[in-house]
Structure formats: C-alpha cells, structure tokens
Amino acid sequence: MTRLRVVVALALAGAVAFTVAVAPAPTVQAQGRTIKIGVLFDHSGPFAAAGSLNVWRGAKMIIDYVNERGGVMGKYKIVQVDGDSQSKTEAAINEAERLLNVEKVDILAGVYSSAHAVPLAEKVDKQKKFMWITTAIADAVFKDRNLQYVFRPQTNSGLFGEASVQYIAGHSQNKLKKAAKDLRVAIIYEDGPYGAGVASSNESEAKKLGMQLVLKEGYSAQAPDLSSLVTKLRAARPDVLFHTGYNPDIALFLRQSKEQGLRVKAYVGHGAGHSQLAKLKEAFGNEVEGFHTVDPPASQLIDPKKLTAGLGDLTNEMVKRYKSFEPNIPRDVIAPHVSMGFNNMWVLLNDVLPRAIQKHGGFGADALARAARETDIPEGGTMQGYGVKFNPPGHPMAGQNGRAFAAVFQVIEGQFKHVYPEVIATGAPILPLPASSPWAAR
Amino acid sequence: MIDPIFLVEAAVNGIMLGGVLALLALGLNLIFGVLDIVWIAYVDLVMVAMYAVYFLVMVYGWPIWLGGLGGVVVGVALGILVHLLIITPILDSPPVNQLLATGGLLFFLQSIATFLWSTDHKSVRVSLPSIELGGIFVSYPRLIAFVLSILVMVGLYLFLTRTFIGTAIRAVSQDRGAMALMGASPQKIYVVTSAVGGAMAGVAAALLSIQYSVHPYFGAAFGPITFMICVLGGLGNMVGAFIASFVMSEIIAIGGVVWSTEMGYVIAFALFIVMMFARPGGILAKRQ
C-alpha cells in the first residue's frame, strides 16, 4: 500500500513537472490587452536632478504618445507603473521587487544609476523577468554575466571613455599644439560603478594612444570638500581633464577648482550633471562655454535627414511635449537624458514589443527576450542616430546594444553642439578653452 | 614627491573647511549640552535656511548680506519651532525615542523640500575673486566664511560667558535639576538655547550658500561628519568640538593631497573609530 502511494505520488509529480515543462508561455490572449511596464527612476535624492528625472520624462512622453494612438500596434495599451529609487541602491532593489512581484509588471524599464543597475540586472535575470535599461551605462552591468533577459539599447561606459579620449587625440596636434603622446591628461571620477567604469576606459584609451596620464583619482559623490583633489590636479598640471561625476559633486568641484586656480586646455565631462546644461548655466552662467560632455546623442541636435524618414517628426514631438515640463529651456539646451528615455523606450514599444506579440505569441519574458535578440535596426534607424543589435548570449557583453555609440557635446555659444563623431557633428569644436573661461590655461 | 607649496595650500584649505565644520558642530553641541538631545536633523535645518537665503537673494533680489541675515532669522524661527513642536513633548522620553523623533524630522525636511522646491540644485551666484599668495590660492568665499565663523564662535563664547542668559544656559547644561530647584525655568532656557542653535544653523546656511549649491539632500554631505565631530570632541563639549573640527578637516585636506581624496576620508574616519575606543568621552575627556 505504501509502495503504491509512493508510485502514485511520483507519477503525479512527474505529470505536473511535464505539464509545466511543455506548457506554452502565456499567450497574448491570456495576458489581455494591457501591457504593464514598471518604470524605475530616481524621483528624489541627488540623482533626480542629475538626469534621472529627465529620462523619466522622456519615457513617460513616449508612453503617452503611443497610448494616444491606441497603444502598441494600435491596440495594446501601456499601463505605466512608476517606482522611485530615491538615489539609493537598496531602495532601487526594493522598488524593483515591488514592481515585479506586487504590481506584477510585464517589463521592468528604466534605471538611471549604474550603482543600481549592476545588482538589479542580475537579480531580475535570475527571476527570469524582462528588464530594459534605458540609461545606466556601466560595463559591469553586463560584463561576463551572460544575462538572458536584460537588454540595454543605451551606450555603455567603455564607449564613453573611448569617445572622449579619441576626440581629444584627434584635435591634439592642430588645436592643442601638442602631439597626443605629449598631452598631459588627468582623470577624476566618482567612485561608483559609473565613474569607475568610464575612468577605466579613459585610462586604457589614453594609454593606447600614448598620452601622459599625470593623475587618476576617484572620490565619493557625497564628499563635502574636494579642495585637496583640486590641489593635486594643480600639482599635476594636466592639459586635459576628464571628469565623470553625478551631482552635486560636479558643481562642487567646478566651484572649488575655479576658486583654487585650476587651469586646463580642455575640460571633458561625461554625462550625468555635465549634461544638465540649464542647471550648469544657472550655477556658472556663461563660464561653462567650451565645456564638453559625453552622452548618447541628443535627438534634437541630429539632422533628421541623416535618419530614417519620420524620426525627425518624432523628435519634434519630444521637444514639443518637453515644454510642458520645462517651458523655458531652449531646444538646444535640452539634456540628452530626455532623448535616452524617449528614444530607448520607443525602441521597446515600436520594435521589440510588436515582434514579441506577433511572432512569439505574447509579451512574457521569454517572448520579449527572443524578440529583442532579433532586433536589427541599422545606423540612422533611431532618433539618437545609432542602430540597435543586441550582443547574443555567450558574448562577453550579452544583452548590450553593439551598435550604440557615444557623442561628444560641447557648449558653443551657450548651447549644446555635437562635435564628435563627425557623422553627427553640428558644430566645430572650440579648443583650447576660450580665454574668457575661468578654467582656461593662460 | 609633492611640492611643499601644495601641502601648505592643503593645510590652508583644511583650516577653511574646519571653520565651517566648527560652526555646524558648535550649534549642534550647544543644543545637546543643554537639552541632552541630539538633533540628528540639524544640518537639514541648515538646508532649509539655505533655501531661504537662495530665494531672498536670487528670486527677491536682496543683497547677499541681507539675504544671509534673513537666513539667520529663518534659522532662529526653525530652532524655536522644532523645540516647541518636537522636542518639548519628548524631553523626558527614552533617548532612542528622541533619536527617532529627530531622525523622523530629518526625513520630513528632506521630503518637504523635495515637494516644495524639487530636487534641482540651486545656487546663489556671487562672483568673488580668489587670492593668490606665493602660488597658494585661497578662495574668497571660503575665507569670508572662515572669518565670519570664527567671529560668530567668539560671539557665542562671549554670550555664554558674559551675559546673564548665557550663564543660565551653562548652568542648565551643568545641572538641569538644580536650576529648577532654584526657581529658574529650564523651559525658557531651552527655548533660548534652541533659538541660539537655530541662529548658528542660519549663520552656517548663509556662509555655506556662497560655497555650495543647495538641494534637499544637502544634509547627506555634512550631517554625518558634523555628528562625528561632535562625538569626537565629546558631546556637549564646545572646546572639544572646535578642536575636533580642525583635526578632521586637516586630516581630510592633507591626507587627500598626500595619498588620495578617498584616503583622506578613510584616515579621518579610522581615527574616529580608534578615538572612540581610546577616548569614548571625546578628545578632551579625562581617561577613566
């Protein structure tokens, strides 16, 4: 009798396991006609003003835009469920858990900070849930992790660091009057995964090009004082300063370096607070003329003729809608973060989701992952100019968009211009820093 | 080997930073010494007063000195309000409840500031030159902040030692019960102390406004270090806090130049931990 019970129990367990194994993923009929997207950004804390809020605005604008046209494929409405990471890693993890397991969202999208994205990506992937990273750039999010359900159309930190160094090297001889190998460069960075990732690629690219690395140093973004860092920089006498930070550390560093007499030929920031030109101008006025930042291209700065037909209109839509958030910020001062939210979310809604529904039977994590791996958008096929093709499983950066690129922006006549790469350049670079700049080498 | 001139510059910067830290620490310590309650949210009161300076100067166009005075008035008002609304009801509660209440105030202030003024960083733009002496740069705003900090601290010292109310404050800090037995009203002294502590927060706000952007999370940068300085100097010990401010700031500044910025903070915090074992009552405490 006992043996019979064991056999029956094993048979039942086997049947259940078989049913689970062979059962199809929930179909679109089973899932209904609304797609729940958890949109996770920092609405409070220092990251909010350093770009997170702007990316959220971009994401919200494109979701609203798509919903006004009936939703994905004209019939699947998006339900946006917001989460606030509060600029804290533990809060980001808790909010992601809430969105995924309480709100039961179909997709977790967003994430501004790399410090949040690094632990989140692995956690979400282990749960076999689909994650779409619009903003955080650190290589460490994907590097050697072989993630299956996490995708990032956004540029990665390795490209940020390379782009800025290559740009400077390209103008070294003719504008800075020194061969690249004689150029003295310093790298400073906030010591989280974001800053450390960009600084690491700055360093390897500078060494590859034979530049003289005179200082490389990290600091905490919460440090109340950076004057000792400025003193060390003055002692190191760099020609070019590469800086990766968030905020308020960027403003603090600029203020203290200006007061302590740091002078360089070129100042190159990398994203975050460096790309919030309106805020920089509020603090420093026209003194930021000639400053650089590196970020994915800003859609509104790209000549629409270089993009697939119709994308220019979408960019105009983005600029028009952004007015409801910031009516006084001119078109060419809008931070690239708005484009990151708008464009990268558009790739999900316009490319991945329709294919998942039409070809793979729904918008479960497996269907979405398969659809994402089939994404094949050529260069010029997105509002930010880059194409989209995700690195396949087994690749050291599986899930990262292999066609993304970073652009170097410069503040020219008070507005952002793309100055690198040349294919999207909208202005001729001003190097060295103009004599009017308090940071200009004299 | 780093040029000695840069070490001198680092030491000067350390002194400048120490002045501002001392101002913050003395306000917090004064309140603790008299009320026996740590206002964890003290630097967040400074943040609110910084917003006041920002709006008065940048939005309403007041001159910076008048805006700074406005910040002091706001600081005084906040000090009194916090005492009457939050501290008075919990004066006799267990210390952990008091800590939770002032900790709750911290989150309340950060949230209300985010709600009212958004997370944007707001800057009071004052254009002041730097002074260069033999290759050493000294920032004018920091120098002004340092000198005014010292003057305010001297003023506080004179207030506490040369006035009747100051003497009463010191008496309460020494023996709260005895003062009540002599017919004095500790409650009145508490309110005055909170107002003076608030005024110190207002002065700090005015001086920090010309050096830092203000945002709702300003307290995260200065709150922990201010609290550490108070503990290192001995909670309630004004002279100890003054010395501890300069010890910490010099370690941060010189350590940052000799090793690295991060290492400067690591050494300062390591010293704090060691001192907590060696002298838990603060650097000026007598060994038990």
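Among the residues of region B:177-199, is there at least one that is within 21 Å of B:G18 (Cβ to Cβ), touching a residue at least 24 places away in the same chain (Cβ under 8 Å) and surrounded by 15 or more Cβ atoms within 10 Å (Cβ to Cβ)?
Keep residues of region B:177-199 that are within 21 Å of B:G18 (Cβ to Cβ), which gives B:197, B:199.
Going one step further and asking which of them are touching a residue at least 24 places away in the same chain (Cβ under 8 Å), we end up with B:197, B:199.
Remaining after also requiring surrounded by 15 or more Cβ atoms within 10 Å (Cβ to Cβ): B:197, B:199.
Scanning region B:177-199 turns up at least one residue that is within 21 Å of B:G18 (Cβ to Cβ), touching a residue at least 24 places away in the same chain (Cβ under 8 Å) and surrounded by 15 or more Cβ atoms within 10 Å (Cβ to Cβ).
Quick one: how many residues across region A:350-367 are under 18 Å from A:Q80 (Cα atoms) and crowded, with 24+ Cβ neighbours inside 10 Å?
Result for region A:350-367: 3.
Which condition breaks for B:G103 when tested against (1) within 14 Å of chain A (Cβ to nearest Cβ); (2) on the phi < 0 side of the Ramachandran plot; (3) of a type outside the set (F, W, Y)?
(1)
Looking at (1) buried (at least 24 other Cβ atoms within 10 Å of the Cβ); (2) within 10 Å of chain A (Cβ to nearest Cβ); (3) in a helix (DSSP H, G or I), find the lone condition where B:A220 falls short.
Unmet for B:A220, out of (1) buried (at least 24 other Cβ atoms within 10 Å of the Cβ); (2) within 10 Å of chain A (Cβ to nearest Cβ); (3) in a helix (DSSP H, G or I): (1).
Kindly evaluate B:A10 against the criterion of being part of a helix (DSSP H, G or I), away from chain A (no Cβ under 12 Å) and surrounded by 20 or more Cβ atoms within 10 Å (Cβ to Cβ). If you could, list the steps in order and put the result at the bottom.
Values: part of a helix (DSSP H, G or I): yes; away from chain A (no Cβ under 12 Å): no; surrounded by 20 or more Cβ atoms within 10 Å (Cβ to Cβ): yes.
No, not satisfied.
Kindly indicate which of A:N328, A:N316 is within 14 Å of another protein chain (Cβ to nearest Cβ) and over 26 Å from A:A435 (Cα atoms). Show your work before the answer.
Values: A:N316 fails: within 14 Å of another protein chain (Cβ to nearest Cβ).
Result of the check over A:N328, A:N316: A:N328.
If A:A109 satisfies all but one of (1) surrounded by fewer than 23 Cβ atoms within 10 Å (Cβ to Cβ); (2) touching a residue at least 12 places away in the same chain (Cβ under 8 Å), what's the number of the condition it fails?
So A:A109 meets the others, but not (1).
Of the residues A:G285, A:G290, A:G312, which single one is part of a loop (DSSP other than H, G, I, E, B) and out of contact with any Gly (no Cβ under 9 Å at 6 or more places or on another chain)?
On the way: A:G285 fails: part of a loop (DSSP other than H, G, I, E, B); A:G312 fails: part of a loop (DSSP other than H, G, I, E, B).
Every option except A:G290 fails the conditions.
Please work out which residue is modelled with the highest pLDDT, limiting yourself to region A:239-256 and to residues that are touching a His at 6+ places or on another chain (Cβ under 8 Å) and at the interface with another protein chain (Cβ under 8 Å from one of its Cβ atoms). Working first, answer last.
Start the filter on region A:239-256 by keeping residues that are touching a His at 6+ places or on another chain (Cβ under 8 Å), which leaves A:242-245, A:247-248, A:250-251, A:253.
In the following step, the residues that additionally are at the interface with another protein chain (Cβ under 8 Å from one of its Cβ atoms) were identified as A:247-248, A:251.
Numbers: A:N247: 79, A:P248: 83, A:A251: 92.
Top of the filtered list is A:A251.
For the condition touching a residue at least 24 places away in the same chain (Cβ under 8 Å), of a type outside the set (K, R), touching a Lys or Arg at 6+ places or on another chain (Cβ under 9 Å) and under 30 Å from A:K265 (Cβ atoms), what is the one hit in A:F405, A:F409, A:F416? Break it down stepwise before answering.
On the way: A:F405 fails: touching a Lys or Arg at 6+ places or on another chain (Cβ under 9 Å); A:F416 fails: touching a Lys or Arg at 6+ places or on another chain (Cβ under 9 Å).
From the options A:F405, A:F409, A:F416, the qualifying one is A:F409.
So A:S172 ticks every box in (1) buried (at least 23 other Cβ atoms within 10 Å of the Cβ); (2) under 24 Å from A:S87 (Cα atoms); (3) polar (S, T, N, Q) but one. Which box is left unticked?
Failed condition: (2).
Checking the structure you have, find out if any residue of region A:434-442 is of a type in the set (F, W, Y), crowded, with 17+ Cβ neighbours inside 10 Å and closer than 27 Å to A:D144 by Cα.
Here is the first cut: in region A:434-442, the residues of a type in the set (F, W, Y) are A:439.
Keeping just the survivors that are crowded, with 17+ Cβ neighbours inside 10 Å gives A:439.
Still in the running and closer than 27 Å to A:D144 by Cα: none.
No.
Would you mention how many residues in region B:126-173 are in a strand (DSSP E or B) and at the interface with chain A (Cβ under 10 Å from one of its Cβ atoms)? Before you say what the answer is, go through the steps one by one.
Initial filter on region B:126-173 (in a strand (DSSP E or B)): B:130-133, B:136-139.
Going one step further and asking which of them are at the interface with chain A (Cβ under 10 Å from one of its Cβ atoms), we end up with B:130-132, B:136-139.
So the count comes out to 7.
Of (1) within 14 Å of chain A (Cβ to nearest Cβ); (2) touching a Ser or Thr at 6+ places or on another chain (Cβ under 7 Å); (3) closer than 16 Å to B:L24 by Cα; (4) not hydrophobic (A, V, I, L, M, F, W, C), B:S245 satisfies all except one. Which?
So B:S245 meets the others, but not (2).
Any idea how many residues of region A:190-225 are crowded, with 24+ Cβ neighbours inside 10 Å, under 16 Å from A:H116 (Cβ atoms) and touching an Asp or Glu at 6+ places or on another chain (Cβ under 8 Å)?
Total meeting the criteria: 3.
Any residue in region A:35-63 that's farther than 16 Å from A:D106 by Cα and within 14 Å of chain B (Cβ to nearest Cβ): show its pairings with residues that are among the acidic types (D, E) and surrounded by fewer than 24 Cβ atoms within 10 Å (Cβ to Cβ) at Cβ separation under 8 Å, as long as the two are six or more apart or on different chains.
A:F41/A:D82; A:F41/A:D84; A:D42/A:D84; A:H43/A:D82; A:H43/A:D84; A:S44/A:D84; A:A49/B:D120; A:W56/A:D82
Between residues in region B:22-46 that are of a type in the set (A, V, I, L, M, F, W, C) and residues that are crowded, with 24+ Cβ neighbours inside 10 Å and not in a helix (DSSP H, G or I), which pairs lie under 8 Å by C-beta distance while being six or more apart or on different chains?
Pairs found: B:L28/B:W39; B:I31/B:W39; B:F32/B:W39; B:V43/B:F218; B:L45/B:W39; B:V46/B:F218.
Looking only at region A:64-93, count every residue that is more than 18 Å from A:D106 (Cβ to Cβ) and of a type in the set (V, I, T) and tell me the total.
Looking only at that region, the number is 2.
Would you point out which residue out of B:I283, B:I267 is closer than 22 Å to B:A11 by Cβ, within 14 Å of chain A (Cβ to nearest Cβ) and not hydroxyl-bearing (S, T, Y)? Step through it out loud before you land on a result.
On the way: B:I283 fails: within 14 Å of chain A (Cβ to nearest Cβ).
Checking each option against the conditions leaves just B:I267.
Within region A:240-263, track down each residue that is within 28 Å of the chain's Cα centre (by Cα), closer than 26 Å to A:A180 by Cα and outside any helix (DSSP H, G or I).
A:V240, A:L241, A:F242, A:H243, A:T244, A:G245, listed by residue number.
Going by the conditions given, is A:K60 outside the structural domain of A:A272 (by TED's automatic domain parsing), surrounded by fewer than 18 Cβ atoms within 10 Å (Cβ to Cβ) and at pLDDT 95 or above? Let's see the steps before the verdict.
Numbers: outside the structural domain of A:A272 (by TED's automatic domain parsing): yes; surrounded by fewer than 18 Cβ atoms within 10 Å (Cβ to Cβ): no; at pLDDT 95 or above: yes.
Considered against the rule, which asks whether it is outside the structural domain of A:A272 (by TED's automatic domain parsing), surrounded by fewer than 18 Cβ atoms within 10 Å (Cβ to Cβ) and at pLDDT 95 or above, A:K60 comes out as no.
Determine if region A:62-69 includes at least one residue that is within 29 Å of A:P392 (Cα to Cα) and touching a Phe, Trp or Tyr at 6+ places or on another chain (Cβ under 7 Å). Walk me through it before giving the result.
Filtering region A:62-69 down to residues within 29 Å of A:P392 (Cα to Cα) leaves A:62-63, A:66.
Now narrow it down to the ones that are touching a Phe, Trp or Tyr at 6+ places or on another chain (Cβ under 7 Å): A:62.
Yes: region A:62-69 contains one or more residues that are within 29 Å of A:P392 (Cα to Cα) and touching a Phe, Trp or Tyr at 6+ places or on another chain (Cβ under 7 Å).
Being aliphatic (A, V, I, L, M) and over 19 Å from the mean Cα position of the chain (by Cα) is the filter; apply it to region A:420-437 and report the residue that is nearest to A:P336 (Cα to Cα).
Here is the first cut: in region A:420-437, the residues aliphatic (A, V, I, L, M) are A:423-425, A:428, A:430-431, A:433, A:435.
With over 19 Å from the mean Cα position of the chain (by Cα) added as a condition, the list becomes A:423, A:425, A:428, A:430-431, A:433, A:435.
On the way: A:V423: 17, A:A425: 15, A:A428: 19, A:I430: 20, A:L431: 22, A:L433: 22, A:A435: 27 Å.
The qualifying residue nearest to A:P336 (Cα to Cα) is A:A425.
Taking only pairs six or more apart or across chains, which ones have beta-carbon atoms under 7 Å, a first residue in region A:257-269 that is in contact (Cβ under 8 Å) with a residue 24 or more places away in the chain and within 14 Å of chain B (Cβ to nearest Cβ), and a second residue that is among the hydrophobic types (A, V, I, L, M, F, W, C) and assigned to a strand (DSSP E or B)?
A:Q260/B:F137; A:G261/B:F137; A:R263/A:A440
Under 6 Å by Cβ, and 6 or more places apart or on different chains, what pairs join a residue from region A:232-247 that is in the same structural domain as A:S164 (by TED's automatic domain parsing) with one that is among the small types (G, A, S) and assigned to a strand (DSSP E or B)?
Final answer for the pair search is A:L233/A:A186; A:A236/A:A186; A:P238/A:A186; A:V240/A:A266; A:L241/A:A186; A:H243/A:G269.
So if I check each of A:A236, A:A278, A:A283, which one is aliphatic (A, V, I, L, M) and either away from every other protein chain (no Cβ under 14 Å) or under 23 Å from the mean Cα position of the chain (by Cα) (or both)?
Working: A:A236 fails: either away from every other protein chain (no Cβ under 14 Å) or under 23 Å from the mean Cα position of the chain (by Cα) (or both); A:A283 fails: either away from every other protein chain (no Cβ under 14 Å) or under 23 Å from the mean Cα position of the chain (by Cα) (or both).
Residue meeting the stated conditions: A:A278.
The values are calculated or read from the model by the stated rules, or taken from the named source; none is laboratory data. No experiment lies behind these values; they were computed from the predicted model shown. So basically every Cβ, Gly included, is an ideal-geometry build from the backbone, and we count neighbours across all protein chains shown.
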